[in-house]
Structure formats: C-alpha cells, structure tokens
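The values are calculated or read from the model by the stated rules, or taken from the named source; none is laboratory data. What you are looking at is a predicted structure, and each value in this text was computed from that prediction instead of being measured. Cβ placement follows ideal geometry from the backbone for every residue including glycine, while neighbour counts extend to all protein chains displayed.
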Amino acid sequence: MFVAYYRSGRLSQHLLWLACAAGVVGLLASRALVSLAPVAGVVAGLANPELGRIWPRYFRNAAAMRAAALVVFLLLSGLYTSEWATWRHELFRSLSWLGVPLAFTLAVPLTGRQRRSVGSLFVLGTAAIGVVTLGKYLLHPAEANEAIRIGQNVQAVTRIFHVPFGVMLALSFFWGLLLQRQAPAVLRAALLVAAAGAALTLHVLAYRTGLLVFYVGLLAYALWMLVRRHLVLGIGLFLLLALGPWLAYRTLPSVRQRVASTLFDVYQYSEGRDINNYSLARRLAAVETASAVIQKNWLLGVGPADTHAAMMEQYSWKDFGLRPANRVEVHNQYLEALMGGGIVGLGLWLAVLVGPLVAARTRRNPYVWFFVLIQATVMMTADMLSLQLGLNLFVFSYGFLVVAAQAAPPSELVPERKESNPLLS
C-alpha cells in the first residue's frame, strides 16, 4: 500500500502540504517549525516518484534561479569579506533561498483546494493572533498608549516582532478578501471576519509600518479600479482612504499618540537634539550613515556580511550623539542591499522582487501583486531580510506564489477567474 501511495505522487504532495502548513504555523508561533518546514519541503521533492525525470525543472525555473543568484553572490563575497564569522552565519541563513524553491519545483504540486487551505490557515491564524493581541491592549489601554507615545509597540501574544506582524496583518486583509471568492459559505464568512479583524487590529494597535503598507495596498487597488473604469468603486475607495485615517485619528487614542510621537521624532532629528530614546530619529540617522558608506563602496559594496562593521565604523566619525547601544542598522532593505552588494547586489535583489510582475505566469495574479507591493513598500522602512521572521515570510511566500506557479505544468495551474472586482466578487 505504501508503495502505491508513493508511486501515485500523493506522498510527495502531502509532504509538501504538511511543510506549507508547518511553515504557516511556524511564522505565527514557532521558530522550530519554520526552520524545519524547508527540510520537510525538500523531502517532499525527493519523494516525487518522477524525480529522475523532472529534476531539471529547478534549473529551468527563472524564479528559483533568481533566488539562487543571491546565494551565489553571497558566496562570492567571501573573496573580499573581513567578517568571516558573520559571513558563515549569513551563508547558513541563505540556504532557505535554495531549499524552498527546490521544494516547490521538485515536489508534486498542490491542488487548488490544498493551496487555498494553506492561504486560509495563514489569514485565519494571523487574524486570530491579532484579535487576541487587541484584547490584551484593551485590558490595559492607558499603559499601552503610554508605550506607544514613547515609540514602543504592543507586542503580539506569540511574541512576533511588530514590523513583520504588521505586514502579515496587511497581507491577511488582502489575501482574505481574495480567498473568500472561492470559499464555501462558512469559510467565506470566516475569511471576511478575519480580514476585518486584521484591519481593525492594525488601526487600534497603530502599527506604523503595517498601516503604511495597508493604505498603499488600498491606494493601488483604487487606482486599478479607476484604470479599469470602475469609477464609482474607485472614487468611493479614494473617499474611504481619505476618511479612514481621519476617523482613526479622531477616535483612537493610540493613533493620536503614534502620530504625535512620529512628528516629535522627526523634530528631534532635524533640530540635532538628543535622539537616543527616539526610534524613528535613530533610523533617520542610520540612513544618513549608510548613505556615506554607499558613496565609498558603490559597485560591489562592503560585502553582505560586513554591513554592521561598516556602519559602526562610520558612526565613529559621526555619531549624532548616540550612545553605542543606540547606533542602529539602516532600516531600509534597498540601502542595505546597496551597502552590502553595491549596484550589483541591488540589481540581483530587484530581480527577485520585481521579476514576478513581468513573468507570464504571475504578472496577472492578484495574490502576487499584493505580495510584491506590500513587500516593496515595507522594505523602504525596514531591512526585512535581516530579520529571521521577515526572511522566512518572504521566502515562503515567494516559493508558494511565484516559484510554484512557474514550476507547475500549464495543465496543473489553477486559472484565476476573470471578474470585474478581484477582491469582493
């Protein structure tokens, strides 16, 4: 019986399904699971009974090769790195860029229902953690608002860092609205409630980065509606975009505290005052510091493993009055790529990020568009790939949405329905 199960390809497919579910649960609650998920995915690929015939697919998959190019560049940077311990650590972290695409190219592809179940687990799980975290805020609102006033954030109940958690909440909102189109009645209602819960959590907890990508996504959708000549819906969404932030500011103390603290941070930095206790001001100082490093190493950078040392050395020339413990890294993925790899490294990274929007099989996929748009936006305010959770979130989503789409034969792709409203119909 096991032999028949293996030869049918279901073993490989079910192992990949299990790896995806473990990856989602790991993103939400367990570092151990999110680390083991790529291993399970590679095992799923090796369990494909047609492995001997289909293994060249990996090398023909443009998305997988773009991801592999990042690892190759990191490997070659060992020729000029000076931080060998960091380089070895970064090389180990980068293995997910190889393992996850390998799993999605070699394993038997998931069915449409299995893929939707993984997406639903992500949306419902993220929204559930958001709502429970919101409940924690409501138990002690005065204490939480005071933390927000001084630039801190309400931590998720599963201790997810607030930046990737805000991104996950925004993704859950848009993906939830997309997934509910093909869901049965009960699941459809649950996904709509989850999308609403994710949006509410973002606003009440005032996650600055999460709100930024949320409204950028809504703005892009409103523009798309106008381009498609859905004038009433497009104009209505623009009005909502104008009214929503105003209502949030007027009704939610946490939002007012976040706006005030943001403006004060900028004031402290622009006036050259003490910025040791101000998060955004320290990030602005880090951008200025990184820019000085980039000007000296614009072609190949200082090496991906050497960015921290280069930043600290530059701080020694101009420290902005910051104590050593408060000299932060640059919170911008594009500047991080430029600093570590120069224009070559940035070009490789942009190929990974933007490539899905020009590939035939993914450029019309709304899930991919929201993923790329939100990631491209958040990376202007955070070096997401330096965070383990941020790296795992990007690589898993990239493999699940982009690599898998380019790996599956045309007959196995689930076609998107052509609808006038891709979110709510």
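I'm trying to understand the selection: among the residues of the stretch 180-195, which are of a type in the set (Gly, Ala, Ser) and at pLDDT below 95?
Narrowing the stretch 180-195 to residues of a type in the set (Gly, Ala, Ser): 183, 185, 189-190, 194-195.
Of everything in the stretch 180-195, those that are of a type in the set (Gly, Ala, Ser) and at pLDDT below 95 turn out to be 183, 185.
Would you confirm whether or not the stretch 52-62 contains a residue that is crowded, with 21+ Cβ neighbours inside 10 Å and in contact with a Leu (Cβ under 6 Å, 6 or more places away or on another chain)? Looking through the stretch 52-62, none of the residues is crowded, with 21+ Cβ neighbours inside 10 Å and in contact with a Leu (Cβ under 6 Å, 6 or more places away or on another chain). Of the helices (runs of 4 or more DSSP H) that lie entirely inside the stretch 318-408, those containing 2 or more residues that are surrounded by fewer than 19 Cβ atoms within 10 Å (Cβ to Cβ) and touching a helix residue (DSSP H, G or I) at 6+ places or on another chain (Cβ under 8 Å) span 333-354, 366-378, 388-398.
Select from the stretch 233-257 the residues that are buried (at least 16 other Cβ atoms within 10 Å of the Cβ) and polar (S, T, N, Q) and write down the one among them that is farthest from the chain's Cα centre (by Cα). Looking at residues that are buried (at least 16 other Cβ atoms within 10 Å of the Cβ) and polar (S, T, N, Q), I get 257.
Here are 72, 43, 34: which of them is within 20 Å of residue 407 (Cα to Cα) and β-branched (Val, Ile, Thr)?
43
With the structure loaded, tell me whether residue 38 is under 24 Å from the mean Cα position of the chain (by Cα), crowded, with 23+ Cβ neighbours inside 10 Å and either of a type in the set (D, E, K, R) or within 28 Å of residue 350 (Cβ to Cβ) (or both) or whether it fails that test. The answer is yes for residue 38.
Specify which of the listed residues (313, 329) is closer than 23 Å to residue 163 by Cβ and either modelled with pLDDT of 90 or more or not hydroxyl-bearing (Ser, Thr, Tyr) (or both).
329
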